[in-house]
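The values are calculated or read from the model by the stated rules, or taken from the named source; none is laboratory data. The structure displayed is predicted, hence computed values, not measured ones. Here the Cβ is made from the backbone with ideal geometry for all residues, glycine too, and neighbour counts use every protein chain on show.
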Amino acid sequence: MEKTDVAIVGAGPVGLTLALALGRAGVNVVVVERDAEINLSPRAMVYLHPLLPDLDRLGLVAGMLKRGFRDDEGLNLHLASTGEVISIPNTALDGIDPFPFNIHLGQGEYCSLVAELLADLDNVDVRSNSEVVTIDDQEATATVHLQVKGVSQALEARYVVGADGGHSVVRASIGASLEGTTWGERFVATNVRFDFRSRGFKSSNMYIDPEIGCIIAQITPDGLWRCTYQESLELPESTVADRIPQHFDRLLGADASVELVDFRPYRMHQRLSSSLRSGHVVLAGDAAHLTNPTGGLGLTTGLYDVLLLEEVLLAVLRGEAGDELLDRYAEERSRVFSHVSSPNATYFKTLVYDTTDPAVVDAQVQPFRDAAKTLEGQRAFLSGLDMVRSPSLTGAHS
Ligand SMILES: Cc1cc2nc3c(=O)[nH]c(=O)nc-3n(C[C@H](O)[C@H](O)[C@H](O)COP(=O)(O)OP(=O)(O)OC[C@H]3O[C@@H](n4cnc5c(N)ncnc54)[C@H](O)[C@@H]3O)c2cc1C
């Protein structure tokens with residue numbers, strides 16, 4: 001049977017980034033991906049400034065800036081009821097942060113970039129059309145059972161990482177379940193062409209309104225934007241496309257000419273896997289936890305999983321630590337999701353879409369107003385965006 005050090009299930013952003021981190025450290029990695037090609041549908045697109053030194057270490061930032069664009073404008077809250085705009089620009093970090101900006105880049109483009117870098121590594125093999133059916137965990141290794149174009153195959157690995165998304169087969173194979181709640185609305189992510197700047201929007205905006213609340217963010221320098229809004233689940237999913245023009249009519253006026261490029265309706269969850277580790281199998285990214293994307297903490301949390309898992313797996317594979325360190329990874333990333341990512345994403349979703357009382361909205365945005373007033377306040381807020389990072393478990397980064 002074929003053998004490798006680490007088998008990663010799923011060539012999404014989490015699986016590919018982990019493959020790059022481990023591959024660059026000399027680990028033999030096989031990534032198995034069910035689909036034939038990288039998923040280019042509208043999904044995550046903002047990479048926050050505290051993550052950029054890590055992505056730069058992996059050789060990604062230059063390519064990301066080439067394919068996407070640099071956002072110096074930071075957070076912008078628009079209160080629809082009053083017209084107030086509260087801005088906390090990334091320029092507050094100029095001179096004190098090596099990367100005083102966020103990067104906007106579609107998740108599919110990010111994956112294509114990582115896949116290109118992986119193609120140069122002889123010790124990493126990314127295989128498409130390879131669907132994992134189950135994992136068989138044994139005393140010293142785990143066996144990944146695959147279907148490759150209808151043919152059964154098996155791969156033995158010292159460790160298996162499930163980065164296979166929300167419907168994770170790897171999670172099911174370790175007997176874990178997703179616990180938490182599913183929101184009672186549908187999100188609709190649209191990619192559109194429209195000059196949102198002509199209406200006072202900046203690179204990244206939360207438009208707060210209980211009727212037409214939305215997230216508006218620029219995807220490319222040449223004018224592709226993301227607008228994500230929510231609608232009632234009582235409306236049929238089959239007619240989402242028919243209703244998209246109504247959203248833009250209400251947001252921008254019927255005279256606005258918005259070109260719809262792509263869209264994707266989806267359900268949102270606040271859910272955490274009951275376990276992130278069993279034997280030689282570990283979970284990361286959406287396989288481990290699911291959050292609504294308001295505030296951009298979905299993929300961000302997954303990429304911070306990668307940073308800790310990189311450190312932990314390297315220590316274990318090199319014999320510098322026992323594999324109980326994987327339990328500490330599992331506990332720590334569960335803690336971050338439960339106590340940081342999920343509550344913050346819930347707070348932002350409720351603020352942007354669900355709060356009907358203007359006095360409550362006013363009170364909720366007051367901390368942002370206060371932070372926006374001074375350079376020190378802006379810096380403190382922007383530094384706080386590193387809250388989903390875990391401390392080092394081996395002392396490697398302390
Ligand atoms: C419409 C939409 C909009 C979003 N917007 C945002 C946003 O603005 N900000 C944000 O932070 N997050 C956002 N998210 C969430 C973000 O996209 C996810 O957090 C991110 O994709 C997680 O990456 P991942 O690599 O863990 O999983 P995925 O991207 O889901 O990748 C999993 C991969 O595993 C593969 N796979 C699955 N099963 C198997 C199997 N059995 N065998 C082999 N391969 C398998 C899949 O084909 C896929 O390629 C959004 C999600 C959606 C759906």
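What are the residues in the range 232-242 that are in contact (Cβ under 8 Å) with a residue 24 or more places away in the chain and out of contact with any helix residue (DSSP H, G or I) (no Cβ under 8 Å at 6 or more places or on another chain), if any?
S232, L233, E237, V240
Residues in the range 252-276 that are in contact with a strand residue (DSSP E or B) (Cβ under 7 Å, 6 or more places away or on another chain) and either within 30 Å of R328 (Cα to Cα) or away from the ligand (no atom under 16 Å from the Cβ) (or both): V258, E259, M268, H269, Q270, R271, L272, S273, S274, L276. Only residues that are within 13 Å of the ligand (Cβ to nearest atom), among the hydrophobic types (A, V, I, L, M, F, W, C) and in a helix (DSSP H, G or I): list them for the range 281-319, please. Those that are within 13 Å of the ligand (Cβ to nearest atom), among the hydrophobic types (A, V, I, L, M, F, W, C) and in a helix (DSSP H, G or I): A287, L297, L299, L303, V306, L309. Listed by first and then second residue, the pairs with beta-carbon distance under 7 Å, at least 6 apart or on different chains, first residue in the range 325-346 and acidic (D, E), second in a helix (DSSP H, G or I) and buried (at least 16 other Cβ atoms within 10 Å of the Cβ), are E332/L308. For the range 152-172, indicate whether the set of residues that are surrounded by fewer than 20 Cβ atoms within 10 Å (Cβ to Cβ) and closer than 17 Å to T291 by Cα is non-empty. Checked against the condition, which is being surrounded by fewer than 20 Cβ atoms within 10 Å (Cβ to Cβ) and closer than 17 Å to T291 by Cα, the range 152-172 yields at least one hit. Against the list (1) of a type in the set (S, T, N, Q); (2) within 15 Å of the ligand (Cβ to nearest atom); (3) over 23 Å from I8 (Cβ atoms), the condition T374 fails is (2).
Each residue in the range 87-142 was checked for being within 13 Å of the ligand (Cβ to nearest atom) and part of a loop (DSSP other than H, G, I, E, B), and 4 pass.
Identify the residue in the range 381-398 that is modelled with pLDDT of 95 or more and surrounded by fewer than 16 Cβ atoms within 10 Å (Cβ to Cβ) and, among all such residues, is farthest from S334 (Cα to Cα). This residue is S392. Would you say D305 is at pLDDT below 95 and under 27 Å from V170 (Cβ atoms)? The answer is no for D305.
Cβ-Cβ distances below 7 Å connect the following pairs, each with a first residue in the range 214-231 that is farther than 16 Å from K349 by Cα and polar (S, T, N, Q), a second residue that is within 12 Å of the ligand (Cβ to nearest atom) and in a strand (DSSP E or B), and a separation of six or more residues or different chains: Q218/H104.
Among the residues of the range 332-376, those that are touching a helix residue (DSSP H, G or I) at 6+ places or on another chain (Cβ under 7 Å) and either on the phi > 0 side of the Ramachandran plot or not aliphatic (A, V, I, L, M) (or both) comprise E332, R333, F337, S341, N344, T355, Q364, D370.
Do we find a residue being crowded, with 18+ Cβ neighbours inside 10 Å and without any contact (Cβ under 8 Å) to a residue 40 or more places away in the chain anywhere in the range 244-263? So far as the range 244-263 goes, no, none of its residues is crowded, with 18+ Cβ neighbours inside 10 Å and without any contact (Cβ under 8 Å) to a residue 40 or more places away in the chain. Within the range 20-70, the set of residues being of a type in the set (D, E, K, R), within 13 Å of the ligand (Cβ to nearest atom) and out of contact with any helix residue (DSSP H, G or I) (no Cβ under 8 Å at 6 or more places or on another chain) comprises R34, D35, E37. Residue-level check: of (1) more than 11 Å from the ligand (Cβ to nearest atom); (2) more than 26 Å from V46 (Cα to Cα); (3) of a type in the set (A, V, I, L, M, F, W, C); (4) modelled with pLDDT of 95 or more, V170 misses just (1).
Screening E73 on (1) within 9 Å of the ligand (Cβ to nearest atom); (2) over 16 Å from R158 (Cβ atoms) shows it passes everything except condition (1).
Scanning the range 1-44 for residues that are in a loop (DSSP other than H, G, I, E, B) and aliphatic (A, V, I, L, M) yields a total of 8.
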